[in-house]
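The structure appears right after this line, and notes come after that.
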Amino acid sequence: MSNWRHKPDSEKELLKLVAPVKHVIRWLKTRRGFIIGVGILKGGTGKSTTVLYLALYFAVVLDLKVAVVDTDDNSQSITRWDATHKALGDKIPFTLIEHPVSGKDAIPLRKRLKALQSEYDVIIVDLGGGDKETFIDLCEKARLLLMPSAPSGWETDRIQATLQTAASAARINAEGLDVYNFFVKCDFNSTLPEEEREAMAVDLSEEDEDFILPPFLHPYFDISKAPHHIRSWNVMPKRSELDEWGWLIRHALKGIIDEEEAA
Ligand SMILES: Nc1ncnc2c1ncn2[C@@H]1O[C@H](COP(=O)(O)OP(=O)(O)OP(=O)(O)O)[C@@H](O)[C@H]1O
Ligand SMILES: [Mg+2]
């Protein structure tokens, strides 16, 4: 069977691209209240799975204080995942916070996030695929926006529209918003990620000059389609299954940490 996963020639090359673990821990603990939004204006691309694995990575591997905010009134995946695992007697290493976007308990997202910032090292926000208003609110407040999608035109089709919405909302973001695109559900038995990366590079180069930074879509940090992702609905992921997510987020954080430390 072929293995098309891209890998650097050496561990040294890989380490140059990511922030060191100890540095990430120290930086996040000192800074506190780092907000990561996971959103793309399309349903079913892998947002909630991304939220879960990153929350587990930060909490279990980095031993940080993590809050997960579920803004998805419609599917409430993370809220229901949390209830399922509590019923199974599992220990959940992060705090779940429900954020109703309508009804009597609704408050503005920025207010909810501000209150959490002094209490948590990392706050990860799960967005529904169709909720543009909440997406805009999040882009005004988050420091990093993650956009997961499968390597398929069916899923990447909404990326440009999402990037444009994010860019215009981020204009009033006081800290600045970095956007990071990546592929999930990669089986590495085909060249699909490669084909889709090329197609997207062409699409994005046709955009206007004032278009925001192109997405990373870095070939070393594609996320696999390993079955534990699908089983994680009722089987708690193992620590070793968080590894590829660790590489990905350390890559996404490297630029932000370097930039903020230089300022
Ligand atoms: N890396 C992965 N490998 C395999 N399957 C995955 C992976 N990530 C997500 N999936 C599967 O894709 C489906 C959609 O995932 P998920 O619920 O995370 O998407 P979503 O973007 O949050 O959807 P929604 O827009 O409905 O909130 C699920 O069946 C999930 O198990
Ligand atoms: Mg979801």
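The values are calculated or read from the model by the stated rules, or taken from the named source; none is laboratory data. Bear in mind that the values here come from a model prediction, so they are computed numbers and not experimental data. A quick note on method: Cβ atoms are made from the backbone with ideal geometry, for glycine too, and the neighbour counts reach across all protein chains shown. Each accessible area value is taken on the protein alone, full model and side chains, heavy atoms only, with ligands, DNA and RNA left out. Shrake-Rupley method; radii C 1.70, N 1.55, O 1.52, S 1.80 Å.
Just a few scattered comments:
- Note on the chain: with charges restricted to the Cβ of Lys and Arg (+1) and Asp and Glu (-1), its dipole about the Cα centre is near 1260 debye.
- Accessible surface, the chain, averaged per residue in Å² (probe 1.4 Å): 49 Å²
- Measuring nothing but protein heavy atoms, the accessible surface of the range 11-262 at 1.4 Å probe radius is 52 percent carbon and sulfur.
- Remark on the chain: Rg and Dmax equal 17.6, 55 Å (Cα only).
- Our note on the geometry: Cα centres of the range 25-64 and the range 139-184, 15 Å apart.
- Computed from the Kirkwood radius of its Cα pairs, the Stokes-Einstein diffusion coefficient for the range 118-263 at 20 °C and 1.002 mPa s stands at 128 µm²/s.
- Among the chymotrypsin sites (Phe, Trp or Tyr not before Pro) in the range 168-263, those located in a DSSP loop and surrounded by at most 14 other Cβ atoms within 10 Å of their own Cβ are Phe211, Trp233.
- In this structure, the residue pairs whose Cα-Cα separation is over 20 Å, taken from Lys22/Lys225; Lys7/Lys225; Lys16/Lys254, are Lys22/Lys225.
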